[in-house]
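One structure below.
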Amino acid sequence: MRSTAFLATVVAATLACSVAPAASKKESVEARLQRVEDHIAIERLLMVYGRALDNRDFASYSQLFATEGTWTGSTGTFKGPAAIKAGMEEAFKGSTAAKVPTNFHLLTNAIIDLQGDRATAWSKWTYAMVNGNTPALALTGQYEDTFIRENGSWKFLSRAAPNAGTPPGSGAARLTTQDYIEIQQLAANYSFFIDQCSNAGEDYANLYLPDGEFAVSDQWGGGGKRTFVTTGHDALVRVAGGRDGKCAEQTKDSPGYGISHVIVNHVITPTATGAVGKSYLLALGVGGDPTSVERQGGYEDVYVKTKDGWKFKTRTHVWPNMADSVMFKKFSKALSSPTSGAQTPPAKK
(Lines give C-alpha, C1' and ligand atoms only; values in the text may rest on other atoms or scores of the structure.)
Protein backbone atom coordinates (compact mmCIF):
# COMPACT_ATOMS: atom_id res chain seq x y z
CA MET A 1 0.00 0.00 0.00
CA ARG A 2 2.81 2.39 0.94
CA SER A 3 4.63 1.66 -2.35
CA THR A 4 1.44 2.30 -4.34
CA ALA A 5 0.86 5.60 -2.61
CA PHE A 6 4.47 6.58 -3.14
CA LEU A 7 4.27 5.75 -6.87
CA ALA A 8 1.09 7.81 -7.23
CA THR A 9 2.81 10.75 -5.57
CA VAL A 10 5.81 10.50 -7.92
CA VAL A 11 3.59 10.31 -11.02
CA ALA A 12 1.54 13.32 -9.93
CA ALA A 13 4.69 15.34 -9.23
CA THR A 14 6.22 14.38 -12.58
CA LEU A 15 3.11 15.45 -14.51
CA ALA A 16 2.92 18.71 -12.64
CA CYS A 17 6.54 19.51 -13.49
CA SER A 18 6.52 18.38 -17.14
CA VAL A 19 3.11 19.74 -18.19
CA ALA A 20 2.69 22.83 -16.07
CA PRO A 21 6.09 24.06 -14.86
CA ALA A 22 4.76 27.58 -14.38
CA ALA A 23 1.55 26.58 -12.57
CA SER A 24 0.82 28.46 -9.41
CA LYS A 25 0.95 26.62 -6.08
CA LYS A 26 -2.63 27.77 -5.53
CA GLU A 27 -3.85 26.21 -8.79
CA SER A 28 -6.61 23.70 -8.05
CA VAL A 29 -6.28 19.99 -8.65
CA GLU A 30 -9.10 20.25 -11.21
CA ALA A 31 -7.22 22.94 -13.17
CA ARG A 32 -4.00 20.94 -13.11
CA LEU A 33 -5.84 17.83 -14.28
CA GLN A 34 -7.41 19.84 -17.11
CA ARG A 35 -3.96 20.92 -18.26
CA VAL A 36 -2.79 17.29 -18.32
CA GLU A 37 -5.88 16.24 -20.32
CA ASP A 38 -5.40 19.12 -22.76
CA HIS A 39 -1.75 18.21 -23.26
CA ILE A 40 -2.65 14.57 -23.99
CA ALA A 41 -5.47 15.62 -26.35
CA ILE A 42 -3.11 17.83 -28.40
CA GLU A 43 -0.49 15.07 -28.54
CA ARG A 44 -3.19 12.74 -29.88
CA LEU A 45 -4.22 15.38 -32.45
CA LEU A 46 -0.63 15.46 -33.73
CA MET A 47 -0.53 11.67 -34.07
CA VAL A 48 -3.96 11.39 -35.73
CA TYR A 49 -2.82 14.02 -38.25
CA GLY A 50 0.06 11.79 -39.34
CA ARG A 51 -2.12 8.69 -39.60
CA ALA A 52 -4.79 10.46 -41.68
CA LEU A 53 -2.13 11.91 -43.99
CA ASP A 54 -0.42 8.55 -44.55
CA ASN A 55 -3.78 6.86 -45.16
CA ARG A 56 -4.75 9.60 -47.66
CA ASP A 57 -7.92 10.04 -45.59
CA PHE A 58 -8.33 13.71 -46.41
CA ALA A 59 -11.95 13.85 -45.22
CA SER A 60 -10.84 12.97 -41.67
CA TYR A 61 -7.66 14.99 -42.11
CA SER A 62 -9.54 18.19 -42.91
CA GLN A 63 -11.74 17.84 -39.83
CA LEU A 64 -8.67 18.17 -37.61
CA PHE A 65 -8.68 21.89 -38.51
CA ALA A 66 -10.86 24.57 -36.95
CA THR A 67 -13.52 26.37 -38.97
CA GLU A 68 -11.01 29.17 -39.64
CA GLY A 69 -8.01 26.85 -39.57
CA THR A 70 -5.19 27.24 -42.11
CA TRP A 71 -2.54 24.92 -43.53
CA THR A 72 0.59 26.38 -45.11
CA GLY A 73 3.23 24.45 -46.99
CA SER A 74 5.03 24.11 -50.31
CA THR A 75 1.76 23.96 -52.27
CA GLY A 76 0.35 27.17 -50.82
CA THR A 77 -2.01 28.20 -48.05
CA PHE A 78 -5.51 26.79 -47.60
CA LYS A 79 -8.12 28.06 -45.15
CA GLY A 80 -11.02 26.08 -43.73
CA PRO A 81 -11.62 22.29 -43.78
CA ALA A 82 -13.20 22.24 -47.27
CA ALA A 83 -10.32 24.14 -48.90
CA ILE A 84 -7.73 22.09 -47.00
CA LYS A 85 -9.35 18.84 -48.15
CA ALA A 86 -9.43 20.04 -51.76
CA GLY A 87 -5.82 21.25 -51.55
CA MET A 88 -4.56 17.91 -50.24
CA GLU A 89 -6.53 15.96 -52.84
CA GLU A 90 -4.98 18.10 -55.56
CA ALA A 91 -1.47 17.76 -54.10
CA PHE A 92 -1.78 13.97 -53.85
CA LYS A 93 -3.75 13.53 -57.08
CA GLY A 94 -3.44 9.95 -58.33
CA SER A 95 -1.89 8.78 -55.05
CA THR A 96 -3.90 6.38 -52.90
CA ALA A 97 -3.00 4.65 -49.67
CA ALA A 98 -1.61 1.15 -50.16
CA LYS A 99 -3.22 -1.82 -48.41
CA VAL A 100 0.17 -2.41 -46.83
CA PRO A 101 1.56 1.06 -45.98
CA THR A 102 4.93 1.82 -47.53
CA ASN A 103 5.40 5.37 -46.28
CA PHE A 104 5.14 6.94 -42.86
CA HIS A 105 5.34 10.32 -41.20
CA LEU A 106 7.31 9.98 -37.96
CA LEU A 107 6.31 12.84 -35.64
CA THR A 108 8.62 13.66 -32.74
CA ASN A 109 9.98 16.28 -30.33
CA ALA A 110 6.67 18.05 -29.72
CA ILE A 111 6.96 21.07 -27.42
CA ILE A 112 3.45 22.15 -26.40
CA ASP A 113 2.58 25.35 -24.55
CA LEU A 114 -0.96 25.75 -23.20
CA GLN A 115 -2.75 29.07 -22.73
CA GLY A 116 -6.29 28.24 -21.66
CA ASP A 117 -8.40 27.51 -24.74
CA ARG A 118 -5.45 28.13 -27.03
CA ALA A 119 -2.05 26.51 -27.40
CA THR A 120 1.08 26.53 -29.54
CA ALA A 121 3.48 23.76 -30.47
CA TRP A 122 6.69 23.08 -32.33
CA SER A 123 7.56 19.58 -33.51
CA LYS A 124 9.64 17.65 -36.02
CA TRP A 125 8.60 15.25 -38.77
CA THR A 126 10.51 12.67 -40.75
CA TYR A 127 9.16 11.01 -43.88
CA ALA A 128 10.22 7.36 -44.19
CA MET A 129 9.71 5.09 -47.21
CA VAL A 130 9.86 1.30 -47.12
CA ASN A 131 11.35 -0.65 -50.03
CA GLY A 132 10.68 -4.32 -49.34
CA ASN A 133 11.67 -4.65 -45.70
CA THR A 134 14.18 -1.82 -45.78
CA PRO A 135 13.14 1.60 -44.45
CA ALA A 136 14.83 4.74 -45.76
CA LEU A 137 14.56 8.28 -44.47
CA ALA A 138 13.57 10.49 -47.40
CA LEU A 139 12.63 13.93 -46.07
CA THR A 140 12.50 15.86 -42.84
CA GLY A 141 11.10 19.13 -41.56
CA GLN A 142 9.25 20.86 -38.76
CA TYR A 143 5.74 21.96 -37.87
CA GLU A 144 4.80 25.26 -36.26
CA ASP A 145 1.28 25.07 -34.86
CA THR A 146 -1.39 27.02 -33.07
CA PHE A 147 -4.45 25.29 -31.65
CA ILE A 148 -7.89 26.31 -30.44
CA ARG A 149 -10.53 24.52 -28.40
CA GLU A 150 -13.55 24.51 -30.70
CA ASN A 151 -16.85 22.97 -29.59
CA GLY A 152 -15.04 21.14 -26.81
CA SER A 153 -12.32 19.60 -29.03
CA TRP A 154 -8.79 20.72 -29.81
CA LYS A 155 -8.26 21.70 -33.47
CA PHE A 156 -5.47 23.18 -35.55
CA LEU A 157 -5.97 26.93 -35.92
CA SER A 158 -2.84 27.06 -38.06
CA ARG A 159 -0.24 24.55 -39.15
CA ALA A 160 2.85 25.65 -41.07
CA ALA A 161 5.34 23.20 -42.57
CA PRO A 162 8.05 25.53 -43.91
CA ASN A 163 10.40 22.73 -44.91
CA ALA A 164 7.78 20.32 -46.24
CA GLY A 165 8.85 18.44 -49.35
CA THR A 166 12.53 19.42 -49.20
CA PRO A 167 15.63 17.27 -48.66
CA PRO A 168 16.94 17.26 -45.06
CA GLY A 169 18.60 20.50 -44.13
CA SER A 170 17.98 22.30 -47.40
CA GLY A 171 14.94 24.32 -46.33
CA ALA A 172 12.75 26.29 -48.69
CA ALA A 173 14.28 27.56 -51.90
CA ARG A 174 16.03 30.92 -51.59
CA LEU A 175 15.12 33.28 -54.41
CA THR A 176 17.78 35.61 -55.74
CA THR A 177 17.10 39.17 -56.81
CA GLN A 178 17.26 37.94 -60.40
CA ASP A 179 14.63 35.27 -59.65
CA TYR A 180 12.23 37.92 -58.33
CA ILE A 181 12.81 40.09 -61.40
CA GLU A 182 12.23 37.18 -63.79
CA ILE A 183 9.00 36.15 -62.06
CA GLN A 184 7.78 39.75 -62.18
CA GLN A 185 8.59 39.81 -65.91
CA LEU A 186 6.68 36.55 -66.36
CA ALA A 187 3.58 38.17 -64.86
CA ALA A 188 4.05 41.36 -66.89
CA ASN A 189 4.41 39.44 -70.15
CA TYR A 190 1.22 37.56 -69.35
CA SER A 191 -0.79 40.79 -69.63
CA PHE A 192 0.73 41.86 -72.93
CA PHE A 193 0.64 38.42 -74.55
CA ILE A 194 -3.00 37.68 -73.72
CA ASP A 195 -4.20 41.19 -74.62
CA GLN A 196 -2.41 41.21 -77.97
CA CYS A 197 -2.65 37.52 -78.99
CA SER A 198 1.10 37.80 -79.48
CA ASN A 199 2.54 35.31 -82.00
CA ALA A 200 -0.94 33.82 -82.52
CA GLY A 201 -1.16 32.79 -78.87
CA GLU A 202 2.15 30.92 -78.80
CA ASP A 203 3.90 33.53 -76.64
CA TYR A 204 1.17 33.26 -74.01
CA ALA A 205 1.22 29.45 -73.98
CA ASN A 206 5.02 29.44 -73.68
CA LEU A 207 4.72 31.21 -70.32
CA TYR A 208 3.51 27.87 -68.91
CA LEU A 209 5.07 24.45 -68.45
CA PRO A 210 4.10 22.04 -71.27
CA ASP A 211 1.39 20.62 -68.98
CA GLY A 212 0.65 23.98 -67.33
CA GLU A 213 -2.87 24.84 -66.27
CA PHE A 214 -5.10 27.89 -66.18
CA ALA A 215 -8.40 27.87 -64.28
CA VAL A 216 -10.96 30.18 -62.67
CA SER A 217 -11.98 29.76 -59.03
CA ASP A 218 -14.60 31.47 -56.89
CA GLN A 219 -12.53 31.26 -53.70
CA TRP A 220 -9.15 32.51 -52.53
CA GLY A 221 -6.74 30.14 -50.78
CA GLY A 222 -7.52 26.98 -52.73
CA GLY A 223 -10.70 24.97 -52.84
CA GLY A 224 -13.87 26.53 -54.17
CA LYS A 225 -15.45 25.77 -57.53
CA ARG A 226 -12.91 25.57 -60.37
CA THR A 227 -14.19 26.28 -63.88
CA PHE A 228 -12.67 27.02 -67.30
CA VAL A 229 -9.90 24.52 -66.49
CA THR A 230 -7.46 24.63 -69.41
CA THR A 231 -4.42 22.35 -69.54
CA GLY A 232 -1.57 21.95 -72.00
CA HIS A 233 0.16 24.07 -74.63
CA ASP A 234 -2.35 23.80 -77.49
CA ALA A 235 -5.33 24.61 -75.29
CA LEU A 236 -3.53 27.60 -73.77
CA VAL A 237 -2.78 28.95 -77.25
CA ARG A 238 -6.54 29.10 -77.79
CA VAL A 239 -7.03 30.97 -74.49
CA ALA A 240 -4.94 33.80 -75.93
CA GLY A 241 -7.00 33.77 -79.12
CA GLY A 242 -4.79 31.62 -81.33
CA ARG A 243 -6.55 29.58 -84.00
CA ASP A 244 -4.56 27.51 -86.52
CA GLY A 245 -1.57 29.83 -86.52
CA LYS A 246 -3.64 33.01 -86.63
CA CYS A 247 -5.46 35.20 -84.12
CA ALA A 248 -9.22 34.82 -84.00
CA GLU A 249 -11.00 38.06 -84.85
CA GLN A 250 -12.61 39.67 -81.81
CA THR A 251 -15.97 41.36 -82.13
CA LYS A 252 -17.86 43.65 -79.81
CA ASP A 253 -19.83 40.59 -78.72
CA SER A 254 -16.69 38.90 -77.38
CA PRO A 255 -16.41 39.00 -73.55
CA GLY A 256 -12.80 40.18 -73.66
CA TYR A 257 -13.22 42.74 -76.44
CA GLY A 258 -11.02 45.80 -75.87
CA ILE A 259 -9.89 44.63 -72.42
CA SER A 260 -6.43 45.40 -71.01
CA HIS A 261 -5.16 43.37 -68.05
CA VAL A 262 -3.50 45.40 -65.27
CA ILE A 263 -1.92 43.17 -62.61
CA VAL A 264 -0.94 44.90 -59.35
CA ASN A 265 0.21 44.13 -55.78
CA HIS A 266 2.25 41.14 -56.91
CA VAL A 267 3.52 39.17 -53.89
CA ILE A 268 6.09 36.39 -54.52
CA THR A 269 6.91 33.78 -51.87
CA PRO A 270 9.66 31.12 -52.18
CA THR A 271 8.70 27.47 -51.65
CA ALA A 272 10.52 24.16 -51.57
CA THR A 273 9.89 23.58 -55.28
CA GLY A 274 10.06 27.13 -56.64
CA ALA A 275 7.69 29.93 -55.70
CA VAL A 276 4.04 30.91 -55.38
CA GLY A 277 2.45 34.27 -56.03
CA LYS A 278 -0.71 36.28 -55.63
CA SER A 279 -1.88 39.53 -57.19
CA TYR A 280 -4.92 41.66 -57.98
CA LEU A 281 -6.40 42.09 -61.45
CA LEU A 282 -7.86 45.32 -62.79
CA ALA A 283 -9.53 45.24 -66.20
CA LEU A 284 -9.49 48.41 -68.31
CA GLY A 285 -12.03 49.00 -71.06
CA VAL A 286 -14.84 46.85 -69.63
CA GLY A 287 -18.14 47.08 -71.48
CA GLY A 288 -16.56 48.76 -74.49
CA ASP A 289 -15.76 51.94 -72.54
CA PRO A 290 -11.98 52.58 -72.70
CA THR A 291 -12.16 54.69 -69.51
CA SER A 292 -13.92 52.06 -67.35
CA VAL A 293 -12.10 50.00 -64.70
CA GLU A 294 -13.36 46.82 -63.05
CA ARG A 295 -11.74 44.87 -60.21
CA GLN A 296 -11.81 41.25 -61.35
CA GLY A 297 -10.42 39.40 -58.34
CA GLY A 298 -6.84 38.37 -58.87
CA TYR A 299 -4.43 35.52 -59.45
CA GLU A 300 -2.91 32.74 -57.37
CA ASP A 301 0.13 31.22 -59.08
CA VAL A 302 2.60 28.38 -58.77
CA TYR A 303 5.96 29.05 -60.49
CA VAL A 304 8.69 26.58 -61.45
CA LYS A 305 12.21 27.40 -62.62
CA THR A 306 13.26 25.54 -65.78
CA LYS A 307 16.27 25.63 -68.09
CA ASP A 308 14.26 28.14 -70.14
CA GLY A 309 13.50 30.36 -67.17
CA TRP A 310 10.58 30.71 -64.79
CA LYS A 311 7.21 29.29 -65.93
CA PHE A 312 3.68 29.05 -64.64
CA LYS A 313 2.85 25.60 -63.36
CA THR A 314 -0.65 26.84 -62.58
CA ARG A 315 -2.35 30.22 -62.77
CA THR A 316 -5.73 30.43 -61.08
CA HIS A 317 -7.89 33.48 -61.72
CA VAL A 318 -9.70 33.92 -58.40
CA TRP A 319 -12.92 35.80 -59.11
CA PRO A 320 -15.45 35.50 -56.26
CA ASN A 321 -17.82 38.16 -57.70
CA MET A 322 -17.69 37.04 -61.32
CA ALA A 323 -21.51 36.94 -61.50
CA ASP A 324 -21.59 40.70 -60.81
CA SER A 325 -19.10 41.57 -63.54
CA VAL A 326 -20.14 44.16 -66.13
CA MET A 327 -18.01 42.14 -68.52
CA PHE A 328 -20.27 39.09 -68.30
CA LYS A 329 -23.69 40.41 -67.23
CA LYS A 330 -24.85 41.02 -70.77
CA PHE A 331 -24.05 37.45 -71.86
CA SER A 332 -26.93 35.02 -71.41
CA LYS A 333 -25.18 32.25 -73.33
CA ALA A 334 -22.66 29.93 -71.69
CA LEU A 335 -19.01 30.71 -72.24
CA SER A 336 -16.59 27.99 -73.27
CA SER A 337 -13.11 26.75 -72.46
CA PRO A 338 -10.89 24.95 -74.98
CA THR A 339 -10.59 21.91 -72.70
CA SER A 340 -13.50 21.98 -70.26
CA GLY A 341 -16.31 22.77 -72.67
CA ALA A 342 -19.22 25.10 -72.01
CA GLN A 343 -19.28 26.86 -68.67
CA THR A 344 -21.81 29.19 -67.14
CA PRO A 345 -20.50 32.06 -64.99
CA PRO A 346 -21.38 31.43 -61.31
CA ALA A 347 -24.83 32.62 -60.27
CA LYS A 348 -25.02 35.67 -58.07
CA LYS A 349 -25.16 34.66 -54.41
Study note, to complete from the structure: Cβ pairs under 7 Å, 6+ apart or interchain, first in the range 218-237 and over 19 Å from THR75 (Cβ atoms), second assigned to a strand (DSSP E or B) and aromatic (Phe, Trp, Tyr), ordered by first then second residue, are THR230/PHE214; LEU236/TYR208; LEU236/PHE214
Revision key, fill the gap. Going through the range 288-310 in order, the residues found to be in contact (Cβ under 8 Å) with a residue 12 or more places away in the chain and of a type in the set (S, T, N, Q) are SER292, GLN296, THR306
Point to revise | Residues located in the range 112-143, provided they are among the polar types (S, T, N, Q), assigned to a strand (DSSP E or B) and either over 21 Å from ILE40 (Cα atoms) or touching a Leu at 6+ places or on another chain (Cβ under 7 Å) (or both) | key: SER123, THR126, ASN131, THR134, THR140
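A quick yes/no check of all residues on (1) of a type in the set (Gly, Ala, Ser); (2) over 15 Å from SER217 (Cβ atoms); (3) modelled with pLDDT of 75 or more:
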| position | (1), (2), (3) |
| --- | --- |
| TYR257 | no, yes, no |
| ALA275 | yes, yes, yes |
| VAL286 | no, yes, yes |
| GLY298 | yes, no, yes |
| HIS317 | no, no, yes |
| PHE328 | no, yes, no |
| THR339 | no, yes, no |
| ALA342 | yes, yes, no |
| PRO345 | no, no, no |
Check your understanding: Counting residues that are at pLDDT 90 or above, which helices (runs of 4 or more DSSP H) fully inside the range 1-84 reach at least 2?
Key -> 29-54, 58-62
**Study point:** Candidate set from the range 148-177 (those that are modelled with pLDDT of 90 or more and over 19 Å from the mean Cα position of the chain (by Cα)); member that is surrounded by the most Cβ atoms within 10 Å (Cβ to Cβ)
**Key:** TRP154
Review point. Quick one: in the range 224-237, which of the residues that are modelled with pLDDT of 90 or more and not in a strand (DSSP E or B) is surrounded by the most Cβ atoms within 10 Å (Cβ to Cβ)?
Key: LEU236
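The values are calculated or read from the model by the stated rules, or taken from the named source; none is laboratory data. Here the structure is a predicted model, which means the values were calculated and not measured. Note that we place each Cβ from the backbone using ideal geometry, even for glycine, and neighbour counts take in every protein chain shown.
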